[in-house]
Each structure stands twice: as C-alpha cells, then as structure tokens.
Amino acid sequence: MLALSVPLTAIKKLSDEQRFAYYLLGHIFNELMCLQKLVGFALPKHDDPRPARLRPELGQAMFLFRLASGKIWEASKAIRETKELAKTLREDVLPLLPDGLKRLKELNAAVNSATWLSPLRNGMGFHFPNFERWSSHVVPDESWVDDLVFLGDKSGNTYYDAADTVAQAWMFEQYGTVDLRNAVDPLIGQMIDLLRIMNSFLEDALGVFVAEVILEGSAKPQLVGKVLAPEFERVFIPFWTAMPSRRT
C-alpha cells in the first residue's frame, strides 16, 4: 500500500475553485469506485438456480445497479454543468492529460447514448416511483402468477419478490424493451462500461491534477504497509444471512 502526501502548503496555493474541483472529483471517484465494486460483488457467483436463493440476490444487485446508474448521471452532470469544476478541468487539467479533451468528449458521448440513465435516476434510482410511473405494471394480465414472499426467521431475511418484479419491469422498460431476458445482460453491460469509462477518466484526471497541478511534478508516494485483501473475483455479497437474536 502506498500513500502520497499532499502538503498543506501546496493545497493553499490553489484557488478556492480549484480546491473545490479537486475535492469534488475525488468524492465522485470514491463513490463510483465503491459502487462499481459493490455491483460486481452483488451479482450471483454460483450455480444455485432456486428462486429463493437467486431472486433476492438479483434484486439486491439491481438496487445497487440503480444507485450506480443514478450516480453516473449525476457525475456527468457535475462535470458538464458545475462551473468551477468544468473551468478547472478545461483550463488546468485537460491540457496536461494526454487526449484529455478527446476523452471527455468520448465520456459525454457514452453517457448521452445511454438514454435510460436519466429516467432511471429520476424514476427509481434516487426516488420512489409515483402511481403514474408504475400504473401500467400493477394491473394483472395473463402473464401474472402468484406472488411470493420469502421469509426467514428474522425480519432482515424477508424479501417481497413480486415488488421487485414490478420494479425490474419498469426499470428494463427504460432500456426500450419489456422482455427482461433480452434486456438484463445488455443493460448491465452498458452500465458497467459507463462506470469503467467514467472511473478511468476520473482516475487519470485526478492523477494529473495531483501530480502536475498541485505538486508540480514532485509526486513521490511512500510505502505505508500491506493490507490483507481477498481476491476480487471471490468476494460475494449474500442476501440471506444468519441474523443475531434480539437482546431483551
């Protein structure tokens, strides 16, 4: 593990707008990288096809997917519309980042092509839906079957499967199809690509910001020790967990 010390004297040399941009970029990167990991950890990594095992895990992953999608939209909006951030990127960072302006244009184009991002953010990602949004999905038709509620012995192990079915039906409708089987993989794949493109741009922009703008080329990270970490591919977030008994 390495640590890079950024002296307070260097931070003080920045304008208030530059410091705001620096910390906002770091905050956006931290959140999106955390969500990128969580989405990857939450997707099932087993061959157990039982609905009681698979459905809650997929619902949990889709919840994180919606959060990540909303945050991608907000990150893009901040980069484009927050004047202090946009100005600092344009004047101080992008000129020092190889193909910086081209990469920003490619990022904007990728976000623009994901027309489902804004509806997903506004309709469910950061808000609960109103009746009008879900009205076409709560009226039974010939495809409907009995609802299922999966129950453990503690409230933390309860899952309302039909509610998530409705949520996912509306969610994938924003992608332009009502056939969930044909929408799941491409929608998740596009979101993961967007996260990768966004985080790659942020990481490189921040690297230039810190190394070339703030530290003026004198960046020297130091070894601070090791952290025991599991293999990324082996990390999995379960839904069902052994809940502790309540204390009286």
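The values are calculated or read from the model by the stated rules, or taken from the named source; none is laboratory data. Computed from a predicted model, the values in this text were never measured in an experiment. Glycine also receives a Cβ, built like all others from the backbone with ideal geometry; neighbour counts cover every protein chain displayed. Each accessible area value is taken on the protein alone, full model and side chains, heavy atoms only, with ligands, DNA and RNA left out. Shrake-Rupley method; radii C 1.70, N 1.55, O 1.52, S 1.80 Å.
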Under the condition of being of a type in the set (S, T, N, Q) and more than 24 Å from Glu81 (Cα to Cα), which residue from the stretch 1-43 is surrounded by the fewest Cβ atoms within 10 Å (Cβ to Cβ)? Thr9
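Only residues that are of a type in the set (Ser, Thr, Tyr) and either closer than 22 Å to Phe65 by Cα or not in a loop (DSSP other than H, G, I, E, B) (or both): list them for the stretch 122-143, please. Outline the logic, then answer.
Restricting attention to the stretch 122-143, the residues satisfying the condition of being of a type in the set (Ser, Thr, Tyr) are 135-136, 143.
Ser135, Ser136, listed by residue number.
Condition first: open to solvent by less than 60 Å² (accessible area, probe 1.4 Å) and either part of a strand (DSSP E or B) or at pLDDT 90 or above (or both). Now tell me which residues in the stretch 147-163 satisfy that.
At the first step, the residues of the stretch 147-163 found to be open to solvent by less than 60 Å² (accessible area, probe 1.4 Å) are 150, 152, 154, 156-159, 161-163.
Once the filter is applied, which keeps residues that are open to solvent by less than 60 Å² (accessible area, probe 1.4 Å) and either part of a strand (DSSP E or B) or at pLDDT 90 or above (or both), the stretch 147-163 yields Phe150, Asn157, Thr158, Tyr159, Asp161, Ala162, Ala163.
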So which residues in the stretch 182-227 are under 24 Å from Leu35 (Cα atoms) and charged (D, E, K, R), if there are any at all? Asp185, Asp193, Arg196, Glu203, Asp204, Lys226
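Tell me yes or no: at least one residue of the stretch 98-114 is acidic (Asp, Glu), part of a helix (DSSP H, G or I) and surrounded by 14 or more Cβ atoms within 10 Å (Cβ to Cβ). First the steps, then the outcome.
Pass one, the stretch 98-114, residues acidic (Asp, Glu): 99, 106.
Retained after the next criterion (residues that are part of a helix (DSSP H, G or I)): 106.
Right, trim to surrounded by 14 or more Cβ atoms within 10 Å (Cβ to Cβ) and you get none.
Checked the stretch 98-114: no residue is acidic (Asp, Glu), part of a helix (DSSP H, G or I) and surrounded by 14 or more Cβ atoms within 10 Å (Cβ to Cβ).
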Out of Trp170, Trp144, which single residue is out of contact with any Gly (no Cβ under 6 Å at 6 or more places or on another chain), of a type in the set (Phe, Trp, Tyr), open to solvent by less than 70 Å² (accessible area, probe 1.4 Å) and within 22 Å of Leu54 (Cα to Cα)? Trp170
Arg55 vs. criteria part of a helix (DSSP H, G or I) and surrounded by fewer than 17 Cβ atoms within 10 Å (Cβ to Cβ): no
